[in-house]
């Protein structure tokens with residue numbers, strides 16, 4: 001048995017994947033203690049050729065179609081032998097001691113089922129690394145731009161703390177996602193209905209319901225670029241398209257799965273109300289200041305996705 005099974009999902013990120021693996025294999029963790037799986041989601045660049053040539057000691061799985069992030073990670077679960085499983089994005093760069101530190105913390109804290117680390121951007125600026133669960137209410141407050149009026153509401157990305165101490169939280173981002181194998185044996189890994197977004201939110205919720213802790217660990221840092229795979233796909237090349245379809249789809253699926261129907265209807269109502277409110281504010285400012293209204297009116301798209309998913313019952317992708 002290995003100590004660690006590392007899983008990367010590659011999609012049109014040949015150079016980034018190479019850099020991530022180079023850093024991984026130069027870490028302080030002894031090579032015989034971990035195994036590496038790379039699932040390529042039908043990349044159109046030369047990812048497969050580069051990975052096969054540069055890293056013959058990895059297990060490379062080549063998908064003929066893009067199955068999404070969560071489903072790709074699930075593909076190797078029957079082949080892993082690690083006590084822990086690390087999901088590592090191809091745009092997340094570890095430091096030499098990251099693996100050692102996080103494994104040691106997990107060994108010393110058996111109640112922690114899932115661990116996240118301190119995330120910074122390429123510029124060194126701190127990124128949201130320790131998050132609250134999304135609710136119909138906190139998403140409404142955020143979308144409507146009412147944060148200053150509801151300061152006691154726990155927003156998903158709460159940055160108003162030092163990020164320097166170990167902290168229990170609701171969920172951690174999936175770019176460096178260390179999970180105990182016992183958790184996977186108990187609740188599985190990612191729900192295959194999520195193509196992209198909300199996989200780790202849903203999984204952390206399931207783990208916490210099963211009695212495990214989700215922990216933010218500040219003593220290890222990962223540089224996370226973010227969004228590189230999406231930028232290379234013409235179908236979701238712009239940020240607006242990426243967020244306005246795939247994220248809304250996953251959000252609808254998440255709220256329908258984890259709420260009763262009345263709770264789901266409240267989420268639908270507050271989503272539409274928030275967008276109407278934001279659109280009204282933007283329209284009024286545009287008239288007063290003679291500006292062009294730039295707010296994206298998302299309700300038609302939301303209703304379209306709502307219908308296509310049969311009110312959150314089945315995925316589109």
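Just so you know, all these numbers are worked out from the coordinates, no wet-lab data involved. Note that the coordinates shown come from a computational prediction; the quantities given were computed from them, not determined experimentally. Ideal geometry is used to build each Cβ from the backbone, glycine not excepted, and the neighbour counts take in all protein chains shown.
Each of 176, 34 was scored by other Cβ atoms within 10 Å of its Cβ. Arranged with the fewest first, they read 34, 176. This ranking places 222, 65, 76 by how few other beta-carbon atoms lie within 10 Å of each, fewest first, which gives 65, 76, 222. Under the simplified labelling scheme, the residue 153-residue 280 pair shows an inter-label distance of 1.5 nm, with each label point 7 Å from Cα along Cα→Cβ. Convert 25 °C to kelvin, take the viscosity as 0.890 mPa s, use the Kirkwood radius over C-alpha pairs of the stretch 98-189 as Rh, and evaluate the Stokes-Einstein diffusion coefficient in µm²/s, rounded to a whole number. My calculation gives 163 µm²/s for D.
Extension gain for the segment residue 265 to residue 122, taken as residue separation times 0.36 nm less the Cα-Cα distance, is 47.5 nm to one decimal.
Between residue 219 and residue 28, the modelled label-to-label distance comes to 1.0 nm, taking each label 7 Å out from Cα in the direction of the beta carbon. Subtracting the Cα-Cα distance of residue 209 and residue 96 from their residue separation scaled by 0.36 nm leaves 37.3 nm.
Counting every other Cβ atom within 10 Å of each residue's Cβ, 106, 155 order from fewest to most as 155, 106. Full extension of the chain between residue 78 and residue 166 gives 28.5 nm of extra length, using 0.36 nm per residue less the Cα-Cα distance. The ellipsoid that matches the Cα gyration tensor of the chain has semi-axes, each √(5λ) in whole angstrom, of 34, 22, 20, with the longest given first.
In a GNM of the chain with a 10 Å cut-off on Cα contacts, which of 164, 42, 278 has the highest mean-square fluctuation? Highest fluctuation of the listed residues: 164. Taking every DSSP helix (H) stretch of at least 4 residues in the chain, weighting each as -39,500 (n - 2.57) and dividing the sum by the residue count yields a mean residue ellipticity at 222 nm of -11000 deg cm²/dmol. Have a look at 51, 178, 265 and tell me which one the Gaussian network model of the chain (Cα, springs below 10 Å) gives the largest fluctuation. Residue with maximal mean-square fluctuation among 51, 178, 265: 265.
Mind grabbing the base-10 log of I(q)/I(0) for the stretch 1-112 at q = 0.16, 0.20, 0.21 Å⁻¹? Debye formula, identical points on the C-alpha positions, no solvent, two decimal places. Evaluating at q = 0.16, 0.20, 0.21 Å⁻¹ gives log10 I(q)/I(0) of -0.71, -1.08, -1.18.
Which residue fluctuates the most in the chain, going by a Gaussian network model with Cα springs under 10 Å, if the choices are 62, 281, 19? Residue with maximal mean-square fluctuation among 62, 281, 19: 281. Here the stretch 155-202 and the stretch 99-142 have alpha carbon centers that stand 7 Å from each other.
Computed from the C-beta positions of residue 104 and residue 15 and an R0 of 35 Å, the FRET efficiency is 0.65 to the nearest 0.05.
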